[in-house]
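Working notes, beginning with the structure itself.
The values are calculated or read from the model by the stated rules, or taken from the named source; none is laboratory data. As the structure is a computational prediction, the values presented were derived from the model and not from experiment. Methodologically, a virtual Cβ is constructed for each residue, glycine included, from the backbone with ideal geometry; neighbour enumeration extends over all protein chains shown.
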Amino acid sequence: MIECRSITKIYLNGGQETTVLRSVSFNIANGEFVAIMGPSGSGKSTLMHILGCLDSPTSGQYLLNGHNVAELSDDALADIRREKIGFVFQAFNLLPRATVLRNVALPLVYAGISRSGREEVAKKSLAAVNLEESHYNHLSNQLSGGQIQRVAIARALVNNPAIILADEPTGNLDTKTGEAVLATFESLNKQGRTIVLITHERDVAAHAKRIIHIRDGQIINDEKTR
């Protein structure tokens, strides 16, 4: 599903080059649960942006389902981000004055689905992350941190994406709540979802079935955990 071939990313700032990724190569198969782990500044978030078609490598190739992403138009990339990839972020990025149901259904507005259809799909996504139905009409700022992150995961699922990219999804949560959110990812993976989890914490990465270790923009280890 995902194939990275010698990906290098260089940023220019005031004429000075900063190399963030250095010839990174790996594959991720359909249905895998992979953690990309590294300290701050290791290049893992830049790599996630490339995987999510939010950024492009300076050199090397990123193939998604056999297609070279660099050869796709802006419209095609937007379609991939909307239909093929679900994003979950540390900061949640929900609308605070919108209900849970509206937050989850929002991506379907851009897909042209009717209001009744949007609500039906949104409810299925919320059920998939085990959020109680009694919370569906609450505002997102009326929920606990763990509940908010479950809503964010449900929103990522609503377009039935092939891949879920999660960037430090437990970073704003206490340990117990974080474990519950990670259990949600494990459950989704058992249902066949491909999940790529970005983290700097070993105990978070341990929930994945494979850990790619990155440091100073290079892969230093790639191990299966189970």
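I need the full set of residues from region 175-210 which are over 15 Å from GLU223 (Cα atoms) and acidic (Asp, Glu), in order please.
Scanning region 175-210 gives GLU179, GLU186, GLU201.
Of these, VAL88, VAL69, which one is more than 17 Å from the chain's Cα centre (by Cα), crowded, with 16+ Cβ neighbours inside 10 Å and within 17 Å of ALA162 (Cα to Cα)?
Checking each option against the conditions leaves just VAL69.
Scan region 48-64 residue by residue and report those that are part of a helix (DSSP H, G or I) and among the β-branched types (Val, Ile, Thr). Can you show your working first?
Let us first name the residues in region 48-64 that are part of a helix (DSSP H, G or I), namely 48-51.
Across region 48-64, the qualifying residue is only ILE50.
Considering region 149-189 alone, what residues qualify as being closer than 24 Å to LEU54 by Cα and among the β-branched types (Val, Ile, Thr)?
VAL151, ILE153, VAL158, ILE163, ILE164, THR170, listed by residue number.
Filter region 65-88 down to the residues that are in a strand (DSSP E or B) and either out of contact with any helix residue (DSSP H, G or I) (no Cβ under 7 Å at 6 or more places or on another chain) or basic (Lys, Arg) (or both), then identify the one that is nearest to ARG5 (Cα to Cα).
The initial filter retains those residues of region 65-88 that are in a strand (DSSP E or B), namely 67-68, 85-88.
Imposing the further condition that a residue be either out of contact with any helix residue (DSSP H, G or I) (no Cβ under 7 Å at 6 or more places or on another chain) or basic (Lys, Arg) (or both) reduces the set to 67-68, 85.
Working: HIS67: 13, ASN68: 11, ILE85: 20 Å.
This residue is ASN68.
Being without any contact (Cβ under 8 Å) to a residue 24 or more places away in the chain and not in a helix (DSSP H, G or I) is the filter; apply it to region 97-115 and report the residue that is farthest from PHE87 (Cα to Cα).
Step one: of region 97-115, the residues without any contact (Cβ under 8 Å) to a residue 24 or more places away in the chain are 102, 109, 112-115.
Filter once more, so that each one left must be not in a helix (DSSP H, G or I): 112-114.
Working: GLY112: 20, ILE113: 20, SER114: 23 Å.
Per the criteria, the residue is SER114.
Of the residues that sit in region 11-29 and are modelled with pLDDT of 95 or more and farther than 13 Å from GLN218 by Cα, which one is surrounded by the fewest Cβ atoms within 10 Å (Cβ to Cβ)?
Only one residue tops the list, namely ALA29.
Could you tell me which of the residues GLU223, GLU179, GLU201, GLU168 is among the acidic types (Asp, Glu), surrounded by fewer than 21 Cβ atoms within 10 Å (Cβ to Cβ) and more than 30 Å from THR18 (Cα to Cα)?
The conditions single out GLU179.
If LYS209 passes every condition in (1) at negative phi; (2) crowded, with 22+ Cβ neighbours inside 10 Å; (3) out of contact with any helix residue (DSSP H, G or I) (no Cβ under 6 Å at 6 or more places or on another chain) but one, which one does it miss?
Every condition holds for LYS209 apart from (2).
Might you let me know whether region 116-125 holds any residue that is within 19 Å of ALA105 (Cα to Cα), exposed (fewer than 13 other Cβ atoms within 10 Å of the Cβ), free of Cβ contacts under 8 Å to residues at least 40 places away in the same chain and out of contact with any Gly (no Cβ under 6 Å at 6 or more places or on another chain)? Full working, then the answer.
Step one: list which residues in region 116-125 are within 19 Å of ALA105 (Cα to Cα), which gives 116-125.
Those left that are additionally exposed (fewer than 13 other Cβ atoms within 10 Å of the Cβ): 116.
Filter once more, keeping what is free of Cβ contacts under 8 Å to residues at least 40 places away in the same chain: 116.
Cutting the leftovers down to out of contact with any Gly (no Cβ under 6 Å at 6 or more places or on another chain) gives us 116.
Among the residues of region 116-125, at least one is within 19 Å of ALA105 (Cα to Cα), exposed (fewer than 13 other Cβ atoms within 10 Å of the Cβ), free of Cβ contacts under 8 Å to residues at least 40 places away in the same chain and out of contact with any Gly (no Cβ under 6 Å at 6 or more places or on another chain), which makes the answer yes.
Out of region 33-48, which residues are surrounded by 15 or more Cβ atoms within 10 Å (Cβ to Cβ) and either of a type in the set (Gly, Ala, Ser) or in contact with an Asp or Glu (Cβ under 6 Å, 6 or more places away or on another chain) (or both)?
Taking region 33-48 first, the residues surrounded by 15 or more Cβ atoms within 10 Å (Cβ to Cβ) are 33-38, 42-48.
The answer is ALA35, GLY38, SER42, GLY43, SER45, MET48.
Which members of region 1-40 meet the condition of being in a loop (DSSP other than H, G, I, E, B) and either within 22 Å of ALA162 (Cα to Cα) or touching a residue at least 40 places away in the same chain (Cβ under 8 Å) (or both)?
Going through region 1-40, the residues in a loop (DSSP other than H, G, I, E, B) turn out to be 1, 14-15, 29-32, 38-40.
Answer for region 1-40, where residues must be in a loop (DSSP other than H, G, I, E, B) and either within 22 Å of ALA162 (Cα to Cα) or touching a residue at least 40 places away in the same chain (Cβ under 8 Å) (or both): MET1, ALA29, ASN30, GLY31, GLU32, GLY38, PRO39, SER40.
Taking region 146-187 on its own, how many of its residues are in contact with a strand residue (DSSP E or B) (Cβ under 9 Å, 6 or more places away or on another chain) and of a type in the set (Ser, Thr, Tyr)?
1
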